[in-house]
1. Out of ASP2, ASP30, which single residue is over 24 Å from VAL121 (Cα atoms), assigned to a loop (DSSP other than H, G, I, E, B) and open to solvent by 40 Å² or more (accessible area, probe 1.4 Å)?
2. How about region 6-27: which of its residues are aromatic (Phe, Trp, Tyr) and in a loop (DSSP other than H, G, I, E, B)?
3. Output the residue which, of all residues in region 104-118 that are at pLDDT below 95 and surrounded by fewer than 15 Cβ atoms within 10 Å (Cβ to Cβ), is nearest to GLY76 (Cα to Cα).
4. Please verify whether region 87-94 includes one or more residues that are farther than 18 Å from LEU120 by Cα, in contact with an Asp or Glu (Cβ under 9 Å, 6 or more places away or on another chain), at pLDDT 95 or above and of a type outside the set (S, T, N, Q).
5. Among the residues of region 44-74 satisfying the criterion of being among the charged types (D, E, K, R) and at pLDDT 95 or above, which is least open to solvent (accessible area, probe 1.4 Å)?
Amino acid sequence: MDFVVSKADEDDFEGGLRAFFEYRDLKMNDATAGKVIAHVVRAKEGGHAEPKWHVHDVEFQMYYVLKGWAKFEYEGHGVVTVKPGDCVHQPPGIRHREIEHSDDLELLEVVLPADFKTRLVDAPA
């Protein structure tokens, strides 16, 4: 494992998994040889959620809301609105979708492994 520093003043947000978000890679993929990815996710200006049901093929996934709010729907748990200070663990394979988010949404997300797949799925019955 390598020592890595990701400086806050490096405004290096770029595209990623979702077109309506921007991602700032915190370099944990480099530090852990692909075991973990961590990034700050923020709402892209003018971007809006595309509420498609999907799952992530992961071992672990969590996010912590830094700013703004978002509304998600989770299989077996219904609609969940999150705001600053809220932390969510998304179990591996849980069906979910993002319904909407504030223009200023910003969250920290940590996922294992760093290279994971996302699959569109049917809505829960």
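The values are calculated or read from the model by the stated rules, or taken from the named source; none is laboratory data. Because the structure is a prediction, the values reported are computed rather than measured. Every residue, glycine as well, gets a Cβ built from its backbone with ideal geometry; the counts of neighbours run over all protein chains shown. Ligands, DNA and RNA are excluded from the accessible area calculation, which covers all protein heavy atoms including side chains. Shrake-Rupley method; radii C 1.70, N 1.55, O 1.52, S 1.80 Å.
1. Values: ASP30 fails: assigned to a loop (DSSP other than H, G, I, E, B).
Among ASP2, ASP30, only ASP2 is over 24 Å from VAL121 (Cα atoms), assigned to a loop (DSSP other than H, G, I, E, B) and open to solvent by 40 Å² or more (accessible area, probe 1.4 Å).
2. So in region 6-27, the residues aromatic (Phe, Trp, Tyr) come out as 13, 20-21, 23.
Once the filter is applied, which keeps residues that are aromatic (Phe, Trp, Tyr) and in a loop (DSSP other than H, G, I, E, B), region 6-27 yields PHE13, PHE20.
3. Among those that are at pLDDT below 95 and surrounded by fewer than 15 Cβ atoms within 10 Å (Cβ to Cβ), it is THR118.
4. Taking region 87-94 as the starting set, the residues that turn out to be farther than 18 Å from LEU120 by Cα are 87-89.
When the remaining residues are screened for being in contact with an Asp or Glu (Cβ under 9 Å, 6 or more places away or on another chain), the result is none.
No.
5. Taking region 44-74 as the starting set, the residues that turn out to be among the charged types (D, E, K, R) are 44-45, 50, 52, 57, 59, 67, 71, 73.
Those left that are additionally at pLDDT 95 or above: 57, 59, 67, 71, 73.
On the way: ASP57: 66, GLU59: 135, LYS67: 100, LYS71: 59, GLU73: 43 Å².
The qualifying residue least open to solvent (accessible area, probe 1.4 Å) is GLU73.
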